[in-house]
1. Can you tell me which of A:198, A:153, A:166, A:172 is buried (at least 21 other Cβ atoms within 10 Å of the Cβ) and either of a type in the set (S, T, N, Q) or closer than 30 Å to residue B:137 by Cα (or both)?
2. Suppose the filter is touching a Leu at 6+ places or on another chain (Cβ under 6 Å), under 19 Å from residue A:137 (Cα atoms) and either modelled with pLDDT under 95 or more than 11 Å from DNA strand C (Cβ to nearest atom) (or both); does residue A:19 pass it?
3. Can you pull out every residue in the range A:29-52 that is within 14 Å of DNA strand C (Cβ to nearest atom) and loosely packed, with under 14 Cβ neighbours inside 10 Å?
4. Check residue B:147 against each of (1) more than 30 Å from residue B:20 (Cα to Cα); (2) surrounded by fewer than 19 Cβ atoms within 10 Å (Cβ to Cβ); (3) in contact with a Gly (Cβ under 8 Å, 6 or more places away or on another chain) and name the one condition it does not meet.
5. Of all residues in the range B:127-151 being modelled with pLDDT under 95 and in contact with a helix residue (DSSP H, G or I) (Cβ under 6 Å, 6 or more places away or on another chain), which is nearest to residue A:126 (Cα to Cα)?
6. Kindly evaluate residue B:123 against the criterion of being acidic (Asp, Glu) and within 16 Å of DNA strand D (Cβ to nearest atom).
7. Can you tell me which residue is modelled with the lowest pLDDT among those in the range B:204-219 that are assigned to a helix (DSSP H, G or I) and closer than 15 Å to residue A:130 by Cα?
8. Can you tell me which condition residue B:62 does not meet? The list is (1) surrounded by fewer than 20 Cβ atoms within 10 Å (Cβ to Cβ); (2) closer than 17 Å to residue B:163 by Cβ; (3) not hydrophobic (A, V, I, L, M, F, W, C), and all the others hold.
2 protein chains.
Amino acid sequence: MDPLEDDSLPRGIALAWGVAANPQRGPKRELNIELIVDAAIQIADEQGLSAVSMSSVATALGFTTMSLYRYVTAKDDLILLMQEVGMGAPPLSIAETSDWRDGLLRWYRAVLDVFAAHPWILDVPIVGAPNTPNNLAWLEIGLEVLKDTPLDQRSRVAAMLLLSGQSRWEAQIARNYMREGEVAAANAALATLMTPEQFPYLYPAIAAGAFDADADNPFEFGVSRVLDGIAKNIADVSSGRPAPPQPPDPNREFARDEHVKKARERVKDAEGKLRDARQKEREAIAKARERAAKLQ
Amino acid sequence: MDPLEDDSLPRGIALAWGVAANPQRGPKRELNIELIVDAAIQIADEQGLSAVSMSSVATALGFTTMSLYRYVTAKDDLILLMQEVGMGAPPLSIAETSDWRDGLLRWYRAVLDVFAAHPWILDVPIVGAPNTPNNLAWLEIGLEVLKDTPLDQRSRVAAMLLLSGQSRWEAQIARNYMREGEVAAANAALATLMTPEQFPYLYPAIAAGAFDADADNPFEFGVSRVLDGIAKNIADVSSGRPAPPQPPDPNREFARDEHVKKARERVKDAEGKLRDARQKEREAIAKARERAAKLQ
DNA sequence: ACACCAACTGTACGTCATACACACCACTCT
DNA sequence: AGAGTGGTGTGTATGACGTACAGTTGGTGT
């Protein structure tokens with residue numbers, strides 16, 4: 001019946017695109033994926049992502065745990081679909097402006113709204129580039145906002161990626177500051193632990209309340225900087241000026257793989273001695289224990 | 001012996017600051033926290049954070065699982081300490097420049113080096129504002145870099161927070177693009193699924209290779225924008241010009257709590273009907289099943 | 001009519017974090 | 001010196017979790 005089916009695709013992705021093969025034979029299905037995902041989302045909304053277990057979802061639906069596996073190959077699939085459905089489609093009003101900056105700000109705020117409604121989305125680990133319809137739709141509408149901009153394709157995508165990251169980060173921070181009591185307590189504890197000598201620049205900042213929940217701090221500091229940065233890039237490009245290159249990092253004169261390996265080595269080396277010492281300590285303990293065991 | 005002890009502090013934090021109470025009585029301790037944390041880090045370095053279990057760490061050390069609980073109240077403590085130790089102290093060379101922009105770039109690259117060496121740090125959930133020595137030291141040195149800047153305390157902290165977020169995000173992305181084969185495969189799959197009509201702006205971008213692993217794309221696009229944004233902010237402040245306010249969002253005229261609640265409601269409302277429908281469907285199924293059960 | 005396969009159930013397994021009870025030990029106080 | 005106490009590492013147990021596997025039942029294509 002369903003002409004679209006593709007076994008080569010991860011089941012979750014296939015489901016998200018609605019191209020999963022649906023079998024014809026056998027008893028009629030009593031459940032469906034939307035129902036399952038929806039139940040899972042409801043649980044996550046109410047009790048957080050960690051409360052979403054195959055069993056909790058199944059019981060919410062009145063089925064057994066294992067029945068879900070007829071619709072989803074693994075819990076990861078379910079999580080992926082939750083994220084996709086939870087994000088939803090971006091409000092089209094985002095693109096209803098001719099000012100790219102206004103548009104991106106709308107985009108950003110819309111994303112933050114989604115995160116406010118479904119905070120658990122922030123707990124879903126990022127697996128790779130977006131490849132499900134709603135997630136791509138968010139990217140799409142962002143690119144539409146940038147359409148009259150002189151940026152090239154790569155830069156547009158990079159700009160949207162940047163904004164995505166910023167929105168996630170901001171939402172993350174906001175969530176942490178949700179419980180204000182904890183913040184105050186943490187700040188107080190911090191004050192007793194850190195000394196002005198240890199942290200000459202940080203201490204006064206905290207004393208000045210820079211760590212408190214946003215009082216008069218310009219609320220959207222982060223996005224504003226990001227948008228300013230994009231604006232500068234746009235201005236540079238449209239004035240034909242090449243973006244001034246960052247000063248090269250002596251350790252970054254390699255291809256990416258190479259570089260990461262290098263960095264890894266450098267840090268590893270730095271930690272090497274300490275590690276070796278501890279390894280030895282560990283071995284010494286192990287030996288001592290063996291000896292003790294033998295004696296006994 | 002240890003004059004510093006504070007029961008009111010979460011054990012993990014106390015340990016990080018080295019102010020955890022160390023008991024006098026009883027048999028000599030065979031283990032110590034550094035050893036445990038170090039073993040855990042080694043496991044995470046080699047097999048990822050998910051491979052770190054109380055049992056795996058204990059066996060690596062040659063002790064029983066439960067013995068670790070004499071040093072750590074819960075696995076979360078261990079994770080917190082792993083993060084703290086994994087971050088390490090920031091290289092002091094970061095502040096050895098009089099140019100804030102250069103300094104922040106060094107800061108950023110140093111953080112990326114750490115993430116390259118310990119990718120699992122990205123998997124450690126952010127719990128709140130940094131409150132352990134090394135994490136604060138990173139913030140501290142960032143503030144030092146900004147010391148000759150006209151920014152006020154809050155803005156400096158906000159700027160560092162922004163840069164932190166960007167570095168995490170960039171590292172996250174970089175990690176995802178590590179497995180290039182997968183990326184290519186995903187892009188190919190995507191091409192078969194999305195149509196140019198559905199995604200008029202995105203489709204050409206992908207076709208143009210905007211999704212491919214960084215080829216000629218300016219490598220540090222994100223940071224460059226962020227630094228440009230901070231530069232603009234600095235310029236504005238030092239020229240006495242007040243930062244131009246973002247256009248107010250009609251939904252953001254409330255205090256933060258209020259706003260989040262509001263947003264939550266809006267999205268919830270939007271989804272309400274769908275949800276209700278599905279809830280009803282679910283109930284209908286449940287009833288049908290009950291009836292069936294009774295008949296049987 | 002029959003064969004087959006699919007939908008849901010039930011049970012089982014391995015892993016995990018962690019509670020709790022033990023046996024043992026060293027410092028402290030008498 | 002001897003007892004008491006609170007600490008050590010160990011062993012066992014529990015409940016939650018994801019999911020493999022083996023039914024049992026029921027629809028559909030032949």
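The values are calculated or read from the model by the stated rules, or taken from the named source; none is laboratory data. Because the structure is a prediction, the values reported are computed rather than measured. Ideal geometry is used to build each Cβ from the backbone, glycine not excepted, and the neighbour counts take in all protein chains shown.
1. A:166
2. Judged against the criteria, residue A:19 is a match.
3. Once the filter is applied, which keeps residues that are within 14 Å of DNA strand C (Cβ to nearest atom) and loosely packed, with under 14 Cβ neighbours inside 10 Å, the range A:29-52 yields A:29, A:32, A:50.
4. Residue B:147 satisfies every listed condition except (3).
5. B:128
6. In short, no.
7. Ranking the candidates gives B:206 first.
8. With respect to (1) surrounded by fewer than 20 Cβ atoms within 10 Å (Cβ to Cβ); (2) closer than 17 Å to residue B:163 by Cβ; (3) not hydrophobic (A, V, I, L, M, F, W, C), residue B:62 is out only on (2).
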